[in-house]
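The values are calculated or read from the model by the stated rules, or taken from the named source; none is laboratory data. Since we're looking at a predicted model, the values are computed, not measured. All Cβ positions, even for glycine, are placed from backbone atoms using ideal geometry, and neighbour counts span all protein chains on display. Just the protein is used for accessible areas: all its heavy atoms, side chains included, with ligands, DNA and RNA removed. Shrake-Rupley method; radii C 1.70, N 1.55, O 1.52, S 1.80 Å.
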Amino acid sequence: VQLQASGGGLVQTGGSLRLSCETSESAISFTLMGWYRQTPQNERELVATITYSGSTRYADSSMGRFTISRDNARNTVYLQMNSLRPEDSGDYYCYAQHWAKGDFWGQGTLVTVSS
């Protein structure tokens, strides 16, 4: 299973970015998909997750600014990030939980928000 993340970049405070993560297997195989951000302490903190049925969960800092969605036909999960702040900067990792094979991570995509 491979996850291919894209969409990071440099943006000014208040700007927007959309991250995408495409899976190598059918999205219906994944019960949960989401995005995590690497902290300076080298931990991955939750940004947002979405179940196969579309139930979402957001970190408090993401609520109201970020929207997670998935397109099962395209095997892709998206993270629309609006009103970006410098503290949103970091490496964002795509995550997917396969119903039979376990947990998988994509490569990081770097988001940099300038003040």
Amide H contacts under 5 Å for ARG70, placed H, 5+ residues apart: TYR78
ARG74-THR13 FRET efficiency (beta carbon distance; Förster radius 25 Å; 0.05 resolution): 0.25
Within the accessible area of the chain (1.4 Å probe), percent carbon and sulfur: 44 percent
P(r), alpha carbons of the stretch 50-115 - 10 Å bins starting at zero, rounded %: 17, 49, 29, 5, 0
Cleavage-rule hits (chymotrypsin sites (Phe, Trp or Tyr not before Pro)) in the stretch 80-115: DSSP loop, at most 12 neighbouring Cβ within 10 angstrom: TRP99
At 0.890 mPa s and 25 °C, Stokes diffusion of the chain via Kirkwood alpha-carbon radius, µm² per second: 176 µm²/s
Per residue solvent-accessible surface (Å²) - the chain, probe of 1.4 Å: 52 Å²
Dipole-positive endmost among THR39, ALA5, ALA27 within the stretch 1-105 (Cβ charges, Cα centre): ALA27
Karplus 3J(HN,Hα) series, Hz, for the stretch 37-51 with 6.51 cos²θ - 1.76 cosθ + 1.60 (x for Gly, Pro): 10, 7, 8, x, 8, 6, 9, 9, 9, 4, 10, 6, 9, 9, 7
Cα-centre dipole for the stretch 2-115 with unit charges at Cβ (Lys and Arg positive, Asp and Glu negative), debye to 20: 200 debye
R0 of 22 Å, Cβ-Cβ distance SER55-SER83: FRET efficiency to nearest 0.05: 0.40
Centroid-to-centroid separation of the stretch 24-53 and the stretch 67-115 [C-alpha atoms, Å]: 7 Å
